[in-house]
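This report concerns only the one structure given below.
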Amino acid sequence: GASMSVWQEEAKITYDTGTVGLDLGYVTGQYVFSNVGRLPFAGQAPFERLSRLEAGLTVQGGLWDDISGFVGLRGTMGYEKALTARGLGGTALAGLSLPLGRQWRMTLGGGASLTPVAVQAVPLLSFRYAPDTMPELTAELCFPRTEVAWRGGSWWGLRLTGGIEGGQYRLAEDNPAAPDGVADLFSARVGAWVDVYPARGLGLSLGALY
């Protein structure tokens, strides 16, 4: 049968004051289909490149003792050829973060995601590990995404990520599979990132995922 492989590039800029965090990102991916003759689209691939803009806002603060809370909003706009408001989606999350000993921290919460095709519940559970013996190393064990980060210095770092990456994209009006339709994609991805910190609270990230 037919199969699909994906190579994605992602760029993101973040700004974090400790209480308020902002981020803006761009994702673009090349989609390669094998055995396209087996697809029901007259021997054509349904799409070759899909892109997405993302923006997020997070507000967090202490509640009592070492327990903190957060509220986050995220908007996305996925498209095939041209930006369109019909590709707009959003997610709202809220939760708590609490320590589990000296080196572990748990975050739990949830929210809802509104996409061009559905409204879905979004559970959140993650565990962050920061060993005392290696302060430059951290690991975030989370569904749907897990990452290991290494801070190489005051201004740069590296990350490896793995998990289930997904997105919704509004297809072009001349798309051979579903003109002006929606592609809803979820698949496993692994990625490598370079993070740069040019100023206090400011971060720039470049990543590649496959």
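Hey, what did region 75-176 get for relative contact order, percent, Cα under 8 Å, at least 6 apart? Walk me through the numbers before you get to the answer.
Numbers: 194 pairs, mean separation 23.0, N = 102.
Rounded, it is 23 percent for region 75-176.
Dividing the convex hull volume of the alpha carbon atoms of region 120-189 by its residue count, what do you get in Å³ per residue?
Per residue, the Cα convex hull of region 120-189 comes to 127 Å³.
Under 10 Å, Cα contacts only: if you run a Gaussian network model on the chain, which one of Gly29, Gly95, Gly153 comes out with the highest mean-square fluctuation?
Most flexible of the set in this elastic network: Gly153.
Springs between alpha-carbon atoms under 10 Å, Gaussian network over the chain: tell me which of Gly166, Gly37, Gly75 tops the mean-square fluctuations.
Gly37
With +1 on each Lys and Arg Cβ and -1 on each Asp and Glu Cβ, how big is the dipole of region 1-121 about its Cα centre, in debye rounded to the nearest 20?
On the way: 9 positive and 9 negative charges, 65 e Å.
Dipole magnitude for region 1-121 comes out near 320 debye.
Calculate, for the chain, the solvent-accessible area per residue in square angstrom, rolling a 1.4 angstrom probe over the heavy atoms of the protein chains.
57 Å²
Kindly provide the GluC sites (Glu not before Pro) of region 20-120 that DSSP labels as loop, not H, G, I, E or B, and whose Cβ sees at most 14 other Cβ atoms within 10 Å.
Those satisfying the criteria are Glu48.
Quick one: pull the percent of accessible area on region 1-70 belonging to carbon and sulfur, 1.4 Å probe, ligands and nucleic acids left out.
C and S fraction of accessible area: 57 percent.
Out of Pro123, Pro135, Pro176, any idea which swings most in a Gaussian network model of the chain, alpha carbons joined below 10 Å?
Comparing Pro123, Pro135, Pro176 in a Gaussian network model of the chain, the most mobile one is Pro135.
Please compute P(r) over all alpha-carbon pairs of region 22-84, binned at 5 Å starting from zero, and give each bin as a whole-number percent.
Spelled out bin by bin, region 22-84 gives 4, 14, 15, 12, 12, 10, 9, 7, 6, 5, 3, 2, 0 percent.
With a cut-off of at most 15 other beta carbons within 10 Å, and DSSP calling the residue loop, which chymotrypsin sites (Phe, Trp or Tyr not before Pro) in region 59-157 qualify? Please list them.
Trp155
How big is the Cα convex hull of region 1-53 in projection, averaged over all directions, in nm²? It would help to have the intermediate numbers written out before the result.
Values: hull surface 18.9 nm².
If you wrap the Cα atoms of region 1-53 in a convex hull and average its projections, you get 4.7 nm².
All other residues with a Cβ under 15 Å from the Cβ of Pro131 taken together, and with Lys, Arg as +1 and Asp, Glu as -1, what is their net charge?
Charge balance in the 15 Å sphere: +1.
For region 47-130, state the average projected area of the convex hull of the C-alpha atoms over all orientations, rounded to one decimal in nm².
The Cα convex hull of region 47-130, projected and averaged over all directions, gives 7.1 nm².
Hey, how much of the P(r) for region 91-147 falls beyond 14 Å, as a percent of Cα pairs?
Taking all Cα-Cα pairs of region 91-147, the fraction more than 14 Å apart is 61 percent.
Label points 7 Å out from Cα along the Cβ direction at Glu48 and Phe143: separation in nm?
A separation of 3.8 nm, rounded to one decimal place.
So what's the projected area for the chain, the Cα convex hull averaged over all directions, in nm²?
Details: hull surface 50.9 nm².
So the mean shadow area of the Cα hull is 12.7 nm².
The values are calculated or read from the model by the stated rules, or taken from the named source; none is laboratory data. Keep in mind that what you see is a predicted model, and the values were worked out from it rather than measured. So basically every Cβ, Gly included, is an ideal-geometry build from the backbone, and we count neighbours across all protein chains shown. Protein only, heavy atoms only, side chains kept; ligands, DNA and RNA dropped before computing areas. Shrake-Rupley method; radii C 1.70, N 1.55, O 1.52, S 1.80 Å.
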